[in-house]
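Let me begin by presenting the structure, written as structure tokens, before commenting on it.
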Amino acid sequence: MTTADRSALDPQTEHRIRESIGRQTLLSTLGVTVAGLWPGRVELEFKVNLLSPARGDRFRARGEVVRAGRTLTVCSAEVVAWADDGNGEPEASLVRVALMQATMMAVTPPRGG
């Protein structure tokens, strides 16, 4: 789906979704924000493994699309933490604190509707 294919959600629905995400403590703790919303994606599975206590001065989350098919898209991410040496560099080794895997499905609206 290209950016041109995305149509905006109605403001009331977008507001409800953003509020719902804001109330989820884990997402708020991880600093998750909604970059954009559009019709056409349904989450089929979302799994997070919390591996270690999230202790540190800095955190980094990296995500990737593992496989993007015509209908299903599989994504993964990991979050690492570290103690800062004062210059933004780790003073000790990185600690993996969370892993995520999600499967999403593209939903095409019916023609003519």
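Entry remark, the stretch 54-75: residues being within 27 Å of ASN87 (Cα to Cα), modelled with pLDDT of 90 or more and among the hydrophobic types (A, V, I, L, M, F, W, C) number 1 in total. In the stretch 5-26, the residues that are under 23 Å from ALA106 (Cβ atoms) and among the hydrophobic types (A, V, I, L, M, F, W, C) form Cβ pairs under 6 Å with partners that are modelled with pLDDT under 80 and outside any loop (DSSP other than H, G, I, E, B), at six or more places apart or across chains, as follows: ILE21/LEU27. Residues in the stretch 15-53 that are loosely packed, with under 11 Cβ neighbours inside 10 Å, at pLDDT 75 or above and in a loop (DSSP other than H, G, I, E, B): ARG23, PRO53. Among the residues making up the stretch 53-87, those that are of a type in the set (A, V, I, L, M), in contact with a Phe, Trp or Tyr (Cβ under 9 Å, 6 or more places away or on another chain) and within 28 Å of MET105 (Cα to Cα) are VAL79, VAL80.
The values are calculated or read from the model by the stated rules, or taken from the named source; none is laboratory data. Quantities reported herein were computed from a predicted structural model and do not represent experimental measurements. Positions of Cβ are backbone-derived with ideal geometry, glycine not excepted, and every protein chain shown enters the neighbour counts.
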